[in-house]
Amino acid sequence: MHHTSVALTGLGSYLPPQRITNDSLCDRLDTTDEWITSRTGIRSRYWAGPGVATSDLAVEAGHRALKSAGLDAEPGAVDLVVLATTTPDYPCPATAPDVAARLGLGPVPAYDIAAVCSGFLYALAAASAQIVAGLARTALVIGAETYSTILNPADRTTNVIFGDGAGAVVLSVASDQEPGLLLAMDLGSDGTGRDLITIPGGGSRGRATMAEPAVDGHYFTMQGKKVFTEAVKRMTESSQTVLDRLGWTPDQVDWLVGHQANVRILNAVARGLGIPQERAVINLDRVGNTSAASIPLALADAAADGSLTPGSRILLTAFGGGLTWGAAALTWPDITAA
Ligand code: COA
């Protein structure tokens, strides 16, 4: 039987206009630019203003990805929309159908993926598997977040790290020759670590009641130190699995595009894999940790500065709440990111 190949054929990204510097956080939190920069590598992040929801960012990035793929936002442009997010517009329904409708894509299947910071890779796997199975020929895969809406304003450890934004790619049925092919993927989870990254309230275990709004339970919480250790271990192992599957040596990787959590995490993953640090794409200094939007935003920055050229060998990897993790390899396509 002929095996269907899947290629990345478009890339778009969007950041909300309000840039939040480290110094501006110091006005209301007990922290310093020096601490944030040296512990995380982050210098600024973007936060969506009041009234701006995740779907608003997703629609912008979606538009740009379609444009980059040479597609008009109209019915028939794509036949699948998958949105990775931890900050959906509502607990119910999913955000993807609204995004698909507002992009004018017609009655396509559309659903959300909840895998926290690994969400984009999970969405990439789901969409490409649907293409390989013949359920779709072209898919819009979006990672979009507004963590600013779930951060506890009093929690300095999370406020300094997370930012808002959206990135999107178009995946299409491909010929085996073209650059942009998705070559291999690995995904995993460990639910015993569920408490390391959590929003305890609002779900079936901690439902908000009319009588007593459980405000604190709706904030995002993270045990930073344990997350750090797990992130390095899982991203390194998952990346190595993908390299082994392809028979790639570390020096065959042109760019390591890891989830932008912390520059020390990314450096440790590169070191563990034997990939020189200069080949790790870093844009968290500008955008912070944007969770499911992180990888497409990093790809967009690396494409914009000319680092990614057609045929470049790229290794993606992510780690997030769940715990979840994953890695993927692809060659860079001949596209202009929007
Ligand atoms: N400003 C100043 N001090 C801070 C601070 C801040 N924003 N946040 C924490 N601190 C303090 C702590 O309270 C602690 O003080 P103490 O020693 O008096 O208790 C000290 O700094 C060290 O804290 P620690 O948590 O050990 O620091 P760390 O080096 O582990 O860095 C993180 C903290 C959150 C930056 C780091 O653990 C991390 O990046 N973890 C992974 C987070 C992540 O990437 N999550 C997403 C993955 S999907």
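The values are calculated or read from the model by the stated rules, or taken from the named source; none is laboratory data. Quantities reported herein were computed from a predicted structural model and do not represent experimental measurements. Counting neighbours? That spans all protein chains shown, and the Cβs are built from the backbone with ideal geometry, glycine included. With ligands, DNA and RNA removed, areas are computed over all heavy atoms of the protein, side chains included. Shrake-Rupley method; radii C 1.70, N 1.55, O 1.52, S 1.80 Å.
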message: If I filter the range 14-30 for residues that are away from the ligand (no atom under 16 Å from the Cβ), surrounded by 22 or more Cβ atoms within 10 Å (Cβ to Cβ) and of a type in the set (A, V, I, L, M), do I get at least one hit?
response: yes
Within the range 49-62, residues being in contact (Cβ under 8 Å) with a residue 60 or more places away in the chain and surrounded by fewer than 24 Cβ atoms within 10 Å (Cβ to Cβ) number 3
Reported set for the range 206-238 where residues are open to solvent by 50 Å² or more (accessible area, probe 1.4 Å), modelled with pLDDT under 95 and part of a helix (DSSP H, G or I) is 216, 218
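I'd like to know if the range 278-289 contains one or more residues that are out of contact with any strand residue (DSSP E or B) (no Cβ under 8 Å at 6 or more places or on another chain) and among the β-branched types (Val, Ile, Thr).
Looking for residues that are out of contact with any strand residue (DSSP E or B) (no Cβ under 8 Å at 6 or more places or on another chain) and among the β-branched types (Val, Ile, Thr), one finds at least one in the range 278-289, hence yes.
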Note: among 334, 301, just one is away from the ligand (no atom under 12 Å from the Cβ), under 16 Å from the mean Cα position of the chain (by Cα), of a type in the set (Asp, Glu) and open to solvent by 30 Å² or more (accessible area, probe 1.4 Å), namely 301
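Hey, among 118, 128, 148, which residue is closer than 23 Å to residue 180 by Cβ, assigned by TED's automatic domain parsing to the domain that holds residue 49 and touching a Phe, Trp or Tyr at 6+ places or on another chain (Cβ under 8 Å)?
None of the others qualify; the one that does is 118.
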Checked pairs for the range 13-41, first free of Cβ contacts under 8 Å to residues at least 24 places away in the same chain, second in a helix (DSSP H, G or I) and open to solvent by 70 Å² or more (accessible area, probe 1.4 Å), C-beta under 7 Å and 6 or more apart or across chains, list as 33/23
Looking across the range 31-49 at residues that are farther than 10 Å from residue 288 by Cα and among the small types (Gly, Ala, Ser), the single one that is farthest from the ligand (Cβ to nearest atom) is 49
Only unsatisfied item for residue 246, checking (1) within 16 Å of the ligand (Cβ to nearest atom); (2) among the aliphatic types (A, V, I, L, M); (3) farther than 30 Å from residue 15 by Cα, is (1)
The strands (runs of 3 or more DSSP E) lying entirely within the range 1-82 that contain at least 1 residues which are touching a helix residue (DSSP H, G or I) at 6+ places or on another chain (Cβ under 7 Å) are 5-14, 44-46
Within the range 26-69, the residues that are over 30 Å from residue 96 (Cβ atoms) and touching a Pro at 6+ places or on another chain (Cβ under 9 Å) are 28, 29
Query raised in the report: Could you say whether any residue in the range 60-68 is on the phi > 0 side of the Ramachandran plot and away from the ligand (no atom under 16 Å from the Cβ)?
Result: no
Given (1) within 18 Å of residue 294 (Cβ to Cβ); (2) open to solvent by less than 50 Å² (accessible area, probe 1.4 Å); (3) not in a helix (DSSP H, G or I), residue 187 misses just (2)
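Table: residues versus (1) buried (at least 24 other Cβ atoms within 10 Å of the Cβ); (2) within 16 Å of residue 13 (Cβ to Cβ); (3) at pLDDT below 95.
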| site | (1), (2), (3) |
| --- | --- |
| 64 | no, yes, no |
| 75 | no, no, no |
| 81 | yes, no, no |
| 85 | yes, yes, no |
| 88 | no, no, no |
| 93 | no, no, no |
| 96 | yes, no, no |
| 122 | yes, no, no |
| 138 | no, no, no |
Flagged in the range 153-168 as in contact with an Asp or Glu (Cβ under 7 Å, 6 or more places away or on another chain) and open to solvent by less than 40 Å² (accessible area, probe 1.4 Å), in numbering order, are 164, 165, 166
Residue within the range 245-257 that is in a loop (DSSP other than H, G, I, E, B), open to solvent by 50 Å² or more (accessible area, probe 1.4 Å), in contact with a His (Cβ under 9 Å, 6 or more places away or on another chain) and more than 25 Å from residue 56 (Cα to Cα) present = no
